[in-house]
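What follows is a single structure, written as structure tokens, with notes after it.
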Amino acid sequence: MPDRPAARPLPRQAEQSYRNAGRRAALAHPEPGPSGWDAGTIGRIIDERRIGVAFQPVLDIAHDQIVGFEALARGPEGPLHRPAALFAAARSIGRAGELDWAIRALAFRTLMAADLHPTVSLFVNVAPDSLIESCPDDLLPDIWEAETRLRVFVDIDGRSALRHPRAVLESVRRARAAGWGVSLDDIGYSATSMAFLPVLEPDVVRLDHRLLTAGIALGEATLTAALGEAERSGATLVIGNIEDSGGTAEARSVGAEYQQGWFHGREMTELPSLPDPVAAIPMLPNRETSGLCPWDLLQEAGARMMLGIPREAAGNTARQLLGELLRLPQRPVVALVLPHGYSTPADVAAMKRVLLADTPLALVMGADVDHHDDWRARTAHVPADHALADQGCIVAMSGTVTMAVAFRHSSGGPAGRWDLATTQNPTVVRRVMRELMHHADRLAGGVVANLEAAVSM
């Protein structure tokens with residue numbers, strides 16, 4: 001059973017314009033499907049749900065037990081049987097998102113019918129197209145039932161994070177609200193994708209054994225990032241593509257007690273009876289949030305405080321910090337909170353625009369932030385009576401840097417002065433980002449706000 005209370009997915013109206021824009025983009029620039037298959041044939045396969053799912057086991061090496069499965073898409077026999085060809089064909093007619101939903105629902109139905117122990121986990125891949133596509137009405141009952149019965153990890157690969165960062169962030173927030181786990185896969189093929197680790201805080205980090213043994217620097221950086229995340233957050237490592245006993249030993253040498261690959265079992269279309277797992281693949285405990293604002297949190301954490309700073313000096317500090325972020329070889333994920341009535345100096349505003357234009361993912365909160373909203377930036381309107389309205393904040397997180405700066409108008413001193421608080425403590429910076437996500441979820445358009453609106457309808 002899920003470790004957290006279940007909740008229904010967002011209503012179909014939620015952010016429909018954003019998803020429709022993504023669908024229109026896919027239709028405007030279709031990818032060619034496999035030769036010999038016309039749009040009508042591919043459409044009928046999707047309409048009639050002539051699809052299949054295979055399951056590859058995930059082993060608990062310490063107890064020599066199957067404790068989970070990864071669901072793998074399969075098309076009808078023929079040229080579209082393999083997932084790459086199947087999704088290319090669906091994408092050529094703008095229906096890859098619907099196909100992904102249908103495969104996911106079939107995987108859920110199959111696992112529920114197998115009646116395995118509720119601690120057996122299911123990893124379901126979330127393709128980029130379904131991140132911007134609503135669940136079809138006929139599949140919603142399966143999705144809702146799965147939320148209450150199954151132990152699911154939503155598996156998002158690093159390429160999806162790079163192509164659809166805002167949609168990935170919101171999918172992760174919905175998965176958390178539903179009580180599901182989050183797995184981040186394929187981070188090893190781009191240095192930028194590693195920046196998502198401290199922000200998404202996945203329960204599971206999945207690594208490809210072939211990358212780790214290829215002898216290339218990116219593989220070494222990937223392993224370092226994954227081990228660092230496991231140490232800081234308690235995330236579980238799963239190593240895939242294990243093909244021999246040497247591979248399983250190498251995976252164990254980096255602390256991966258959960259493994260998958262042909263050496264541990266090939267894919268299957270029928271799920272076997274299993275003994276009850278001794279221990280389930282861990283989900284991280286609830287990340288408790290208190291609703292604190294950045295200034296209060298940094299003050300509570302004992303961050304460095306600078307009080308009563310003249311506006312010009314405070315602006316210079318902002319320039320120095322933003323300039324350092326712009327010089328980083330790997331751009332960080334950024335969160336900005338812009339207080340009501342704050343007039344940003346022109347040079348600082350220019351640096352902010354450059355940073356937002358080049359960050360892999362941004363959260364921007366404030367009174368007038370709609371113009372920042374795009375495929376890479378999640379915005380949230382902060383009303384005048386909100387606790388964040390009088391505070392500002394800059395947060396930056398990546399595999400190599402963590403920084404949080406909070407500022408506010410000084411009280412009890414001369415007009416035009418500011419208080420600053422700053423920290424580079426990774427634990428504190430993570431908590432600041434987590435609290436900002438907490439607020440964004442509850443503001444208009446956020447995951448929690450939409451769920452509460454759906455319940456009240």
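The values are calculated or read from the model by the stated rules, or taken from the named source; none is laboratory data. What you see is a predicted model; the values in this text were computed from it and never measured. All Cβ positions, even for glycine, are placed from backbone atoms using ideal geometry, and neighbour counts span all protein chains on display.
Odds and ends about this structure:
- Scanning the stretch 192-215 for residues that are more than 12 Å from the chain's Cα centre (by Cα) and not aliphatic (A, V, I, L, M) gives Thr192, Arg206, Asp208, His209, Arg210, Thr213, Gly215.
- Filtered residue count, the stretch 316-366, keeping only those that are among the small types (Gly, Ala, Ser) and crowded, with 16+ Cβ neighbours inside 10 Å: 4
- Candidates are the residues of the stretch 250-287 that are within 17 Å of Asp185 (Cα to Cα) and outside any loop (DSSP other than H, G, I, E, B); the one that is modelled with the lowest pLDDT is Ala251.
- Number of the condition not met by Ser290 [criteria: (1) modelled with pLDDT of 85 or more; (2) surrounded by fewer than 20 Cβ atoms within 10 Å (Cβ to Cβ)]: (1)
- Test for Ser290: is it closer than 22 Å to Leu184 by Cα and under 28 Å from the mean Cα position of the chain (by Cα): no
- Set Met397, Met351: member being farther than 17 Å from Val429 by Cβ, touching a Lys or Arg at 6+ places or on another chain (Cβ under 8 Å) and not polar (S, T, N, Q): Met351
Conditions (1) loosely packed, with under 13 Cβ neighbours inside 10 Å; (2) within 21 Å of Asp208 (Cβ to Cβ); (3) more than 20 Å from the chain's Cα centre (by Cα), marked per residue:
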residue	(1), (2), (3)
Leu223	no, yes, no
Glu229	no, yes, no
Ile242	no, yes, yes
Ala251	no, yes, yes
Gly261	no, yes, yes
Arg266	yes, yes, yes
Pro275	yes, no, yes
Met283	no, no, no
Asn286	yes, no, no
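- Looking only at the stretch 97-135, and only at residues there that are at pLDDT below 90 and among the hydrophobic types (A, V, I, L, M, F, W, C), the one that is nearest to Ala279 (Cα to Cα): Val126
- Every residue from the stretch 204-249 that is closer than 16 Å to Asp60 by Cα, in a helix (DSSP H, G or I) and among the hydrophobic types (A, V, I, L, M, F, W, C): Ala249
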